[in-house]
């Protein structure tokens, strides 16, 4: 009985705040529904049918081309991927995570379940921007170059498959990825079209960026608009969310934080569009922090780590973390990425590096080869109208554009999964209205 | 003697784990159960919606009695964390990671191959024993309702649940709410103090580390059914540890990030502070400077 009282109070309060928030005009933020979908993801009742059980193995592999491991990354010596095997010969689906993520995210678990249920062996791979990948599998240590990162991912996948093929009967190979992983998947297939080491048949990109750097710039902008840019702004955002969680928890009468209902907690904590946008932007910023720090460490650009005195795992990192929280992708591009690639890629310019982050680099493959597919949403936060048009024009009849979902907010829902499976099977005939 | 043997074994395992440099290895994880997990998520959401609908009918804006005014943003602890022993803590964190990888996790993996009912029995058994400490601490916190609930659980599960092997009480909607001496200290106003990574156990604070030791000591003193001393103690304590590990999905360094230590410290101390806010008998003065690191 008591619980109802607390809940009613929390709920009434939330609604009151939501009404106030609605009167607050959002300044330059994406559509409210897109922000909500991006944060909440697909509601559980809309998820496509899932199998009862999915076996899972964790694969660790040491790759001979990895660069010398800095002391502070001692734990990243081996690349980790996850594999679900069918008990009969089956096609293999390789699924690649989005920016900064490892090979076992909740989104990958959803895709793994639907693909396994449809009869695939499933190998889920980390993003080449995942800090563990950068340390264990990258030839550069400087993440962000679409072709080079995908090249490293291609070789890592190849090394894993060399082991798996000895034990598992694979009848066909398809590749998928969400967000940045979608772009990586397509580039993987384009590399394979020349080298035939994996024999990739079809590729499906789920909510891919068109220009990697433009999309990242958009997320930086989202951060600036929703949270701010000064240390005081970030501190304010943190305090706002902290007291909301604390007050919600105090009213919930639970003893341990992990026992609270997450849905209810999110409803009580995130009120305005700026809150939702802030959480999305912060999630990206946290990924960027590791990319920036590691890139600087490997490239020896000296932004955070003095190349002559490499950091030790015992060193406090709080000041670096504070500084990194305010650093944008643009700054990473200028201070680490460009200097590194100008020194290592003959003939490269700042402009050419920027241009190379676009899916254009495999534009011809995307246009000519009928085995590339894409799924995206008309309100995806990481695309602008021109980029969406480019995807539509380039992939012609091989792209499904859903009306709502924001960025990945409909991943795993019935329509998305049905279309994805048909695309992989080569039976997709076009988006159903 | 026995202690020396255990230490030697531990050292050998750590050494072996540190030297394992094979190029390719596969570890089988428990199978995922996506259909059941999603069904559970739907039920949870529906239950919440039902509660909300019910709550909406008698919606009242009167602040719930007894919990004091809501916190304000000024009262939130700073983003920094009080960690004067950082270098030692970082060393312990790394040691714990290696220990986990080399010994605890492989043992937990093997343990997980035992039949599920057996493991549930083990889990229930230890969980039932923990009610003793909870009852004592709820008493010390002057919180009658949850104290009586824990006592009730202990009586029901020890008798109907055959010595705690079956959790009959949860089936009767008497759910568990653990507490310990760390919570008691928080209730009476003690701050968490310095962040403290305890060898083998993991992240904690000085206060909660002391609380953990006090709970351990309480059990040792009471020595219920002679389970905490002699051979039984030597068998049960590691078994409890393995059982806890087998039920936790946490993996050291799964973030791959050079800032994992910072992230774990931040989240752990914030969680502790949020739980403290709900426990505290009187409202905090709010006089602490904004720059005072959290926990101090």
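The values are calculated or read from the model by the stated rules, or taken from the named source; none is laboratory data. Being a predicted model, the structure only gives us computed values, none of them experimental. Reconstructed Cβ throughout: ideal geometry from the backbone, glycine too, with neighbour counts over all protein chains shown.
Step by step: first the residues of the range A:66-78, then only those that are in a helix (DSSP H, G or I) and crowded, with 20+ Cβ neighbours inside 10 Å, then the one that is nearest to the chain's Cα centre (by Cα). Which residue is that?
A:76
Of everything in the range B:177-192, what is outside any helix (DSSP H, G or I) and surrounded by fewer than 22 Cβ atoms within 10 Å (Cβ to Cβ)? Give them in sequence order.
B:177, B:178, B:180, B:188, B:189, B:190, B:191, listed by residue number.
Of the numbered conditions (1) facing chain A (nearest Cβ under 7 Å); (2) exposed (fewer than 15 other Cβ atoms within 10 Å of the Cβ); (3) at pLDDT below 55; (4) under 29 Å from the mean Cα position of the chain (by Cα), residue B:58 satisfies every one except a single condition; which is it?
That leaves (4) as the condition not met.
Check off (1) surrounded by fewer than 19 Cβ atoms within 10 Å (Cβ to Cβ); (2) out of contact with any strand residue (DSSP E or B) (no Cβ under 9 Å at 6 or more places or on another chain); (3) at pLDDT 50 or above; (4) within 7 Å of chain B (Cβ to nearest Cβ) for residue A:50 and give me the number that stays unchecked.
Every listed condition holds for residue A:50 apart from (1).
In contact with a helix residue (DSSP H, G or I) (Cβ under 9 Å, 6 or more places away or on another chain) and either under 20 Å from residue A:145 (Cα atoms) or facing another protein chain (nearest Cβ under 9 Å) (or both): does that describe residue A:277?
It is false that residue A:277 is in contact with a helix residue (DSSP H, G or I) (Cβ under 9 Å, 6 or more places away or on another chain) and either under 20 Å from residue A:145 (Cα atoms) or facing another protein chain (nearest Cβ under 9 Å) (or both).
Determine if the range A:336-347 includes at least one residue that is under 23 Å from the mean Cα position of the chain (by Cα), farther than 30 Å from residue A:424 by Cα, away from every other protein chain (no Cβ under 14 Å) and crowded, with 21+ Cβ neighbours inside 10 Å.
Within the range A:336-347, one or more residues are under 23 Å from the mean Cα position of the chain (by Cα), farther than 30 Å from residue A:424 by Cα, away from every other protein chain (no Cβ under 14 Å) and crowded, with 21+ Cβ neighbours inside 10 Å.
Restricting attention to the range A:313-324, does a residue exist that is within 14 Å of chain B (Cβ to nearest Cβ) and surrounded by fewer than 13 Cβ atoms within 10 Å (Cβ to Cβ)?
Yes, because at least one residue in the range A:313-324 is within 14 Å of chain B (Cβ to nearest Cβ) and surrounded by fewer than 13 Cβ atoms within 10 Å (Cβ to Cβ).
Taking the range B:172-203 as the region of interest, how many residues are in contact with a strand residue (DSSP E or B) (Cβ under 9 Å, 6 or more places away or on another chain) and touching a residue at least 40 places away in the same chain (Cβ under 8 Å)?
Residues meeting the conditions: 9.
So which of B:174, B:155 is more than 18 Å from the chain's Cα centre (by Cα) and in a helix (DSSP H, G or I)?
Among B:174, B:155, only B:155 is more than 18 Å from the chain's Cα centre (by Cα) and in a helix (DSSP H, G or I).
Can we say residue A:295 is part of a helix (DSSP H, G or I) and either in contact with a helix residue (DSSP H, G or I) (Cβ under 6 Å, 6 or more places away or on another chain) or outside the structural domain of residue A:231 (by TED's automatic domain parsing) (or both)?
yes
Please tell me if residue A:206 is in contact with a strand residue (DSSP E or B) (Cβ under 8 Å, 6 or more places away or on another chain), surrounded by 23 or more Cβ atoms within 10 Å (Cβ to Cβ) and more than 28 Å from residue B:23 (Cα to Cα).
Here the answer is yes, as residue A:206 does meet what is asked.
Select from the range A:94-122 the residues that are away from chain B (no Cβ under 12 Å) and not in a loop (DSSP other than H, G, I, E, B) and list them in ascending order.
Result: A:94, A:95, A:96, A:107, A:121.
Scan the range A:79-86 and tell me whether some residue there is in a loop (DSSP other than H, G, I, E, B), in contact with a strand residue (DSSP E or B) (Cβ under 8 Å, 6 or more places away or on another chain) and not assigned by TED's automatic domain parsing to the domain that holds residue A:297.
Within the range A:79-86, one or more residues are in a loop (DSSP other than H, G, I, E, B), in contact with a strand residue (DSSP E or B) (Cβ under 8 Å, 6 or more places away or on another chain) and not assigned by TED's automatic domain parsing to the domain that holds residue A:297.
Here's the yes/no breakdown for (1) farther than 18 Å from residue A:363 by Cβ; (2) modelled with pLDDT under 95; (3) under 14 Å from the mean Cα position of the chain (by Cα):
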{"position": "A:181", "(1), (2), (3)": "yes, no, yes"}
{"position": "A:190", "(1), (2), (3)": "no, no, no"}
{"position": "A:195", "(1), (2), (3)": "yes, no, no"}
{"position": "A:198", "(1), (2), (3)": "yes, no, no"}
{"position": "A:203", "(1), (2), (3)": "no, no, no"}
{"position": "A:206", "(1), (2), (3)": "yes, no, yes"}
{"position": "A:209", "(1), (2), (3)": "no, no, yes"}
{"position": "A:229", "(1), (2), (3)": "yes, yes, no"}
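Hey, any hits in the range B:166-178 for a residue that's under 30 Å from residue B:261 (Cβ atoms) and within 14 Å of another protein chain (Cβ to nearest Cβ)?
Yes.
Within the range B:193-210, restricting attention to residues that are within 20 Å of residue B:292 (Cβ to Cβ) and within 14 Å of chain A (Cβ to nearest Cβ), which residue is surrounded by the most Cβ atoms within 10 Å (Cβ to Cβ)?
B:195
Mind counting the residues in the range B:99-138 that are without any contact (Cβ under 8 Å) to a residue 60 or more places away in the chain and more than 20 Å from the chain's Cα centre (by Cα)?
Of the residues in the range B:99-138, 8 are without any contact (Cβ under 8 Å) to a residue 60 or more places away in the chain and more than 20 Å from the chain's Cα centre (by Cα).
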